[in-house]
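J.: First the structure, then my questions, so here it is.
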Amino acid sequence: MTYYKLEPLVLQAKSVYNKGMEKTILHCDLNNFYASVEQKLHPEYDGLPLAVCGDPKQRHGIVLAKNQLAKKAGVQTGEAIWISKQKCPDIVFVAPHYNEYVKYSKQVFSIYTQYTDRVESFGIDECWLDVTGSKKLFGEGKEIADTIRERVKAETGLTISVGVSFTKTLAKLGSDLKKPDATTVLDKAHYMDIIGDMSPSELIMIGGRTAKKLSDLNIHTIRELANADRESLRYHFGVIADNMINAAAGIETEEVKRFDDRSVPKSVSNGTTTPRNIENIDEAKVVIYSLAELVAVRLRQYGLLAQGISLAIKDPDLNWRSKQVPLPFPTSNAGDIAEEATKLLSAIHSFSDPLRAITVGAIRLIGKGDWQPSLLDGDTEREGKLDESVDKIREKYGYHALTRGIALGDELTGNLHEDDDFRPFHQSKNS
């Protein structure tokens with residue numbers, strides 16, 4: 001894990017933080033992050049529309065990210081490569097480099113922690129910062145936001161958009177209003193004048209389907225949602241009604257987590273769509289063991305053990321089936337996980353038809369220190385030491401420095417890579 005050293009001034013700022021104070025919260029969003037990093041890696045493409053895409057041969061031929069020029073041409077995240085090519089004939093497609101994204105994300109995160117100890121990630125490219133206790137040292141929220149923007153640009157070559165507000169929800173909305181490389185302030189006195197006529201779907205917790213249901217109830221704007229009858233909305237939405245109204249009304253009690261807080265996931269899973277169909281049990285084992293390896297490493301990073309295993313499979317017609325089972329004893333060993341997952345596969349699939357995708361999950365997680373092995377649990381101590389040795393080698397030389405023999409060089413596992421979902425990029429990254 002990466003730990004960040006706080007500057008002495010920030011340590012002073014912690015002492016003046018008061019939970020009763022009106023908060024000043026920033027939401028910092030790296031602009032077109034994947035594409036911006038790729039632009040730095042490929043200066044020969046400066047001035048050209050660029051999109052980051054998965055490999056079409058691996059059935060991931062969609063746009064993962066695009067730069068501003070591609071965006072202006074109408075290219076959209078998630079659309080097929082051939083559609084983007086029609087919209088923008090001179091577009092350049094590049095493969096993702098996840099390790100580079102993690103590297104840049106760490107650099108930017110390190111800048112954030114020099115202004116406050118309350119930094120909470122929201123994915124690899126977004127963070128909330130509570131700078132309430134830092135204003136006497138670094139200025140008001142907008143001044144801090146502008147300073148951070150300039151530092152990120154100068155030290156990494158990337159740009160960020162920053163929303164400044166008094167709740168996490170409104171700060172997030174603010175960062176979306178002006179892009180790229182801008183600061184937007186939504187203060188308590190004037191925020192409704194700026195966002196009041198926007199659709200409720202602009203709020204982070206409200207999706208298109210919920211916004212449509214609100215519209216059917218004659219609630220079309222954030223202002224209308226803020227003034228909605230709570231009892232009526234509770235009837236239609238249940239407990240989330242109050243959360244939606246509070247978000248629109250600027251009422252929030254949720255704290256920005258400290259940068260070193262570590263959320264414990266309820267489950268850990270890895271899945272893959274294979275480059276060709278999985279035709280038999282032997283091919284399925286190759287994929288399962290590779291996925292189990294990734295799951296096991298993540299469990300050990302979190303200091304967790306699995307008390308159960310889940311398996312989900314998808315056939316070529318895109319039909320999903322899943323099953324889970326408890327384990328005889330808690331484990332973070334890839335072999336144990338793969339063995340049980342293989343048994344689950346045999347219980348739900350006969351290979352009269354091939355498979356397109358497999359996901360292996362660890363469930364019912366407990367802390368490693370919460371379990372005391374007995375003499376009946378097998379040679380878990382020896383396996384644990386071996387796993388620790390493997391982890392150290394991979395930490396030093398990269399994940400693929402050691403590969404299980406069953407998966408060595410196999411085409412079915414070609415699109416399993418060490419990405420930001422596999423290795424948490426800082427202490428508070430969660431699953």
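The values are calculated or read from the model by the stated rules, or taken from the named source; none is laboratory data. Keep in mind that what you see is a predicted model, and the values were worked out from it rather than measured. A quick note on method: Cβ atoms are made from the backbone with ideal geometry, for glycine too, and the neighbour counts reach across all protein chains shown.
J.: So which of A341, A334 ends up being modelled with pLDDT of 95 or more and hydrophobic (A, V, I, L, M, F, W, C)? Show your work before the answer.
T.: Details: A334 fails: modelled with pLDDT of 95 or more.
Step by step, each of A341, A334 is checked, and only A341 is modelled with pLDDT of 95 or more and hydrophobic (A, V, I, L, M, F, W, C).
J.: Of all residues in the stretch 303-323, which are within 20 Å of the chain's Cα centre (by Cα) and either modelled with pLDDT under 85 or at positive phi (or both)?
T.: From the stretch 303-323, those within 20 Å of the chain's Cα centre (by Cα) are 303-304; that's our starting set.
Scanning the stretch 303-323 gives a single hit, G303.
J.: Can you say whether Y45 is of a type in the set (F, W, Y), under 19 Å from T272 (Cβ atoms) and in the same structural domain as H27 (by TED's automatic domain parsing), as far as the supplied structure shows?
T.: On the way: of a type in the set (F, W, Y): yes; under 19 Å from T272 (Cβ atoms): no; in the same structural domain as H27 (by TED's automatic domain parsing): yes.
Taking the combined requirement at face value, the residue does not satisfy it.
J.: Would you say T342 is surrounded by 23 or more Cβ atoms within 10 Å (Cβ to Cβ) and of a type in the set (S, T, Y)?
T.: Spelling it out, it is not the case that T342 is surrounded by 23 or more Cβ atoms within 10 Å (Cβ to Cβ) and of a type in the set (S, T, Y).
J.: Then there is this: Determine which single condition K168 fails, assuming it passes every other condition in (1) closer than 19 Å to M21 by Cβ; (2) in contact with a strand residue (DSSP E or B) (Cβ under 9 Å, 6 or more places away or on another chain); (3) at pLDDT below 95.
T.: So K168 meets the others, but not (3).
J.: Of L64, L9, which residue is at pLDDT below 90 and out of contact with any strand residue (DSSP E or B) (no Cβ under 9 Å at 6 or more places or on another chain)?
T.: Exactly one residue qualifies, and that residue is L9.
J.: Provide a single number: the residues in the stretch 187-223 that are assigned to a helix (DSSP H, G or I) and in contact (Cβ under 8 Å) with a residue 12 or more places away in the chain.
T.: Here is the first cut: in the stretch 187-223, the residues assigned to a helix (DSSP H, G or I) are 191-195, 200-202, 208-216, 222-223.
Retained after the next criterion (residues that are in contact (Cβ under 8 Å) with a residue 12 or more places away in the chain): 191-192, 194-195, 200, 202, 210-211, 213-214, 222-223.
Final tally of qualifying residues: 12.
J.: Okay, next question. Looking at (1) over 23 Å from the mean Cα position of the chain (by Cα); (2) crowded, with 17+ Cβ neighbours inside 10 Å; (3) polar (S, T, N, Q); (4) within 30 Å of P43 (Cβ to Cβ), which is the one condition that is false for S134?
T.: Of everything listed in (1) over 23 Å from the mean Cα position of the chain (by Cα); (2) crowded, with 17+ Cβ neighbours inside 10 Å; (3) polar (S, T, N, Q); (4) within 30 Å of P43 (Cβ to Cβ), S134 misses just condition (4).
J.: Further, regarding this structure: Tell me, which helices (runs of 4 or more DSSP H) lie completely within the stretch 42-131 with 2 or more residues that are without any contact (Cβ under 8 Å) to a residue 40 or more places away in the chain?
T.: Details: elements: 68-72, 81-87, 98-112.
Per the criteria, 68-72, 81-87.
J.: Here is a follow-up. Which of the residues that make up the stretch 142-163 are farther than 16 Å from F122 by Cα and either touching a Lys or Arg at 6+ places or on another chain (Cβ under 9 Å) or of a type in the set (D, E) (or both)?
T.: E143, I144, D146, E150, E155, T156, G157, L158, T159
J.: Just a yes or no: is a residue in the stretch 289-306 in the same structural domain as W371 (by TED's automatic domain parsing), surrounded by fewer than 23 Cβ atoms within 10 Å (Cβ to Cβ) and assigned to a strand (DSSP E or B)?
T.: Checked the stretch 289-306: at least one residue is in the same structural domain as W371 (by TED's automatic domain parsing), surrounded by fewer than 23 Cβ atoms within 10 Å (Cβ to Cβ) and assigned to a strand (DSSP E or B).
J.: Among (1) modelled with pLDDT of 95 or more; (2) within 19 Å of A228 (Cβ to Cβ); (3) not aliphatic (A, V, I, L, M), where does D146 come up short?
T.: (2)
J.: Examine the stretch 157-164 for a residue that is in a helix (DSSP H, G or I) and either under 21 Å from G47 (Cβ atoms) or of a type in the set (S, T, Y) (or both), and state whether such a residue exists.
T.: Checked the stretch 157-164: no residue is in a helix (DSSP H, G or I) and either under 21 Å from G47 (Cβ atoms) or of a type in the set (S, T, Y) (or both).
J.: If you don't mind, there's one more thing I want to ask. Residue under question is D282, and the condition is that it be in the same structural domain as D370 (by TED's automatic domain parsing), among the acidic types (D, E) and touching a strand residue (DSSP E or B) at 6+ places or on another chain (Cβ under 8 Å); does it hold? Give the steps one after another, and end with the answer.
T.: Details: in the same structural domain as D370 (by TED's automatic domain parsing): yes; among the acidic types (D, E): yes; touching a strand residue (DSSP E or B) at 6+ places or on another chain (Cβ under 8 Å): no.
Considered against the rule, which asks whether it is in the same structural domain as D370 (by TED's automatic domain parsing), among the acidic types (D, E) and touching a strand residue (DSSP E or B) at 6+ places or on another chain (Cβ under 8 Å), D282 comes out as no.
J.: Kindly evaluate I148 against the criterion of being in contact with a strand residue (DSSP E or B) (Cβ under 8 Å, 6 or more places away or on another chain), under 12 Å from H27 (Cβ atoms) and in a helix (DSSP H, G or I). Outline the logic, then answer.
T.: Values: in contact with a strand residue (DSSP E or B) (Cβ under 8 Å, 6 or more places away or on another chain): yes; under 12 Å from H27 (Cβ atoms): yes; in a helix (DSSP H, G or I): yes.
It is true that I148 is in contact with a strand residue (DSSP E or B) (Cβ under 8 Å, 6 or more places away or on another chain), under 12 Å from H27 (Cβ atoms) and in a helix (DSSP H, G or I).
J.: Within the stretch 258-288, take every residue that is over 30 Å from P316 (Cα atoms) and surrounded by fewer than 18 Cβ atoms within 10 Å (Cβ to Cβ) and give me the one that is modelled with the highest pLDDT.
T.: The extreme case among them is R258.
J.: Sticking with this one: Evaluate the stretch 237-252: report whether one residue or more is part of a loop (DSSP other than H, G, I, E, B), closer than 30 Å to Y302 by Cα and either at pLDDT below 95 or of a type in the set (D, E, K, R) (or both). Talk me through it step by step, then tell me what you get.
T.: Step one: list which residues in the stretch 237-252 are part of a loop (DSSP other than H, G, I, E, B), which gives 238-239, 250-252.
With the extra rule that they be closer than 30 Å to Y302 by Cα, the set shrinks to 252.
Right, trim to either at pLDDT below 95 or of a type in the set (D, E, K, R) (or both) and you get 252.
Yes, the stretch 237-252 contains at least one residue that is part of a loop (DSSP other than H, G, I, E, B), closer than 30 Å to Y302 by Cα and either at pLDDT below 95 or of a type in the set (D, E, K, R) (or both).
J.: If A226 satisfies all but one of (1) among the small types (G, A, S); (2) loosely packed, with under 12 Cβ neighbours inside 10 Å; (3) over 22 Å from the mean Cα position of the chain (by Cα), what's the number of the condition it fails?
T.: (2)
J.: Still on this structure, please answer the following. Based on what the data block shows, is A80 exposed (fewer than 14 other Cβ atoms within 10 Å of the Cβ), outside the structural domain of T274 (by TED's automatic domain parsing) and at pLDDT below 85?
T.: Yes, satisfied.
J.: Only one of these conditions is not met by S269: (1) assigned to a helix (DSSP H, G or I); (2) among the small types (G, A, S); (3) farther than 20 Å from W128 by Cβ. Which number is it?
T.: Status for S269: all satisfied but (1).
J.: Could you go through the stretch 281-301 and let me know if any residue there is under 30 Å from T113 (Cα atoms) and aromatic (F, W, Y).
T.: No, the stretch 281-301 contains no residue that is under 30 Å from T113 (Cα atoms) and aromatic (F, W, Y).
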